[in-house]
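Here the structure is laid out as structure tokens; the discussion comes afterwards.
Please treat every number below as a calculation from the coordinates, not as lab data. The model shown is predicted, which means the values in this text are computed figures rather than measured ones. We place every Cβ from the backbone using ideal geometry, glycine too, and count neighbours over all the protein chains shown.
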Amino acid sequence: MEDATSDCERPPSGSEGRRRWFPKVSDAEWNDWRWQFRNRISSLDDLARLVTVAKDELAVLTEVLRDFKMAVTPYYFSLIDPSDPNDPIRRQAVPSADEYLYRNIGDDDPLHEEALSPVPGLTHRYPDRVLMVVTNVCAMYCRHCTRKRIMCESAASEADIDRMIAYVAATRTVRDVIVSGGDPFTMATERIERILRRLRAIPHVEVIRVGTRTPCTLPQRIDNALCDMLQKYHPIWVNVQFNHPKECTPEAAAACDRLLRAGIPVNNQSVLLKGVNDDPRTMKELIHGLMRMRVRPYYLFQCDPVRGAEHFRTPVARGIEIVGALRGYTSGLAVPTYVIDAPGGGGKVPIGPQYLLCSDPKEGRTILRGYDGRIFEYFDPQSLSGAALAGVASEEAAQTGAGQASAAGVAAEKSDAGSAADVGRAKPRKAAATKACR
Ligand code: SF4
């Protein structure tokens, strides 16, 4: 197992990349999310102006872009280290020949979101929750995205939104609505508000969660106007996606801070990605970076078998190893739950190292493995018989009635002969040499 205990490094912001690639951009432009959005690197020509793209690579990437869109904000692009061909930011943002190589492997909709969709754009998988895809637009099109199939620049129509909201209103079991996409925060604040206001007016909707990657890819979007609007519709939760410690920049931290100050809990849902974060050390730096930003590491998702993203997938054993290298070696609060989204829409299945070695319910005995490999025997609670309490009462009565024995004498008697209470008293069960449960 790799060492995950090294000190975390604070990652630099993208200021060097900004100076290198966008030297003429003013602060006002750079900090304006609309400027960032308008100036996304979204074509191979844009890309070739910034980094070297070999001619043969260009031909393959042209094919990739026929299938899967590209867009990267200047901010996120500025985090790339141009001297590292395997830079984790670049791997997530810039199309690669692997997407062409693996174009026929995987599923367009591995989670069967469309099959579980009672109305277009809404997925109803769990009894009390629904997912609303309110837009197909993202600030950045992540190369590993589960919804690569809907990478295009369109928001759901007003009629689609009407149908989704009508479904939620008519389905009284729904208490939690996830507003996602695409990325809802690419929409105008007023449009987001129209959706939230209507959802909040539905009495059985208790919680609204927004899924967004903008705090990571376009942190400028988390402005005061957005936060002021969001906090009118509490309880609002925000789920974000940071996958590498380099993404935990001062800009991202400030964006998360603005959300948190608006009373919005921010939880992170990382994706385990080969060549990005599939080693314990990187993952530990990431979760510590998140904790410093007061963002809770919530889930670590096994990368879905989505078409065009096979090169990002890792064996399940790798994820188990990574989580095993975190649990016990850092605060439990920082350890995300590693989950596989079961193929075919089965929902999230939590997995991890095996800490429960065996359990014998008859004997009330469990064998556990501690985080460091030591083995422990643990017993279920013992239940004492009510007869033991009755024994105490009659013994007390007999003593009071006789009125002869001294207190010291009674104590000695109880100690020597063993009282009724002793019968039921919990006897510590010694942890015998550990044996497997029957
Ligand atoms: S921001 Fe989310 S929905 Fe958009 S491309 Fe990235 S992972 Fe997919």
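Condition check: part of a loop (DSSP other than H, G, I, E, B), free of Cβ contacts under 8 Å to residues at least 60 places away in the same chain and of a type in the set (A, V, I, L, M). Does Val174 satisfy that? Against the criterion (part of a loop (DSSP other than H, G, I, E, B), free of Cβ contacts under 8 Å to residues at least 60 places away in the same chain and of a type in the set (A, V, I, L, M)), Val174 qualifies.
Results for (1) of a type in the set (D, E, K, R); (2) surrounded by fewer than 22 Cβ atoms within 10 Å (Cβ to Cβ); (3) more than 13 Å from the ligand (Cβ to nearest atom), shown as yes or no for each residue.
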residue: Gln36; (1), (2), (3): no, no, yes
residue: Ile41; (1), (2), (3): no, no, yes
residue: Arg49; (1), (2), (3): yes, yes, yes
residue: Lys55; (1), (2), (3): yes, yes, yes
residue: Ser96; (1), (2), (3): no, yes, yes
residue: Tyr100; (1), (2), (3): no, yes, yes
residue: Glu113; (1), (2), (3): yes, yes, no
residue: Val130; (1), (2), (3): no, no, yes
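Count, please, the residues in segment 338-370 that happen to be closer than 30 Å to Leu116 by Cβ and exposed (fewer than 15 other Cβ atoms within 10 Å of the Cβ).
If we filter segment 338-370 for residues that are closer than 30 Å to Leu116 by Cβ, which is where we start, we get 338-352.
So of that shortlist, the ones also exposed (fewer than 15 other Cβ atoms within 10 Å of the Cβ) come out as 342-344, 346-347, 349-350.
So the count comes out to 7.
Exactly one residue among Asn104, Asn136 is polar (S, T, N, Q) and surrounded by 19 or more Cβ atoms within 10 Å (Cβ to Cβ), and that residue is Asn136. Only one of the numbered conditions (1) in a helix (DSSP H, G or I); (2) crowded, with 20+ Cβ neighbours inside 10 Å; (3) away from the ligand (no atom under 16 Å from the Cβ) is not met by Arg198, and that is (2). Among residues of segment 178-195 being away from the ligand (no atom under 16 Å from the Cβ) and not basic (Lys, Arg), the one that is farthest from the chain's Cα centre (by Cα) is Glu190.
Can you tell me which of Val207, Val240 is within 16 Å of the ligand (Cβ to nearest atom), in contact with a strand residue (DSSP E or B) (Cβ under 7 Å, 6 or more places away or on another chain) and more than 23 Å from His112 (Cβ to Cβ)? Write out each step before concluding.
Numbers: Val207 fails: within 16 Å of the ligand (Cβ to nearest atom).
From the options Val207, Val240, the qualifying one is Val240.
Can you work out which of the residues in segment 317-353 that are in a strand (DSSP E or B) and in contact with a Pro (Cβ under 6 Å, 6 or more places away or on another chain) is nearest to Arg296 (Cα to Cα)? Within segment 317-353, the match that is nearest to Arg296 (Cα to Cα) is Thr337.
Among the residues in segment 145-157, are any more than 10 Å from the ligand (Cβ to nearest atom), in a helix (DSSP H, G or I) and in contact with a strand residue (DSSP E or B) (Cβ under 9 Å, 6 or more places away or on another chain)?
yes
Is it the case, given these coordinates, that Arg175 is among the basic types (Lys, Arg) and either within 16 Å of the ligand (Cβ to nearest atom) or over 23 Å from Val238 (Cβ atoms) (or both)? Against the criterion (among the basic types (Lys, Arg) and either within 16 Å of the ligand (Cβ to nearest atom) or over 23 Å from Val238 (Cβ atoms) (or both)), Arg175 does not qualify.
Report the residue count in segment 205-250 for those that are part of a helix (DSSP H, G or I) and under 15 Å from Tyr76 (Cα atoms).
Residues of segment 205-250 part of a helix (DSSP H, G or I): 214-217, 219-221, 224-233, 245-247, 250.
Going one step further and asking which of them are under 15 Å from Tyr76 (Cα atoms), we end up with 214-217, 219-221, 245-247, 250.
Of the residues in that region, 11 qualify.
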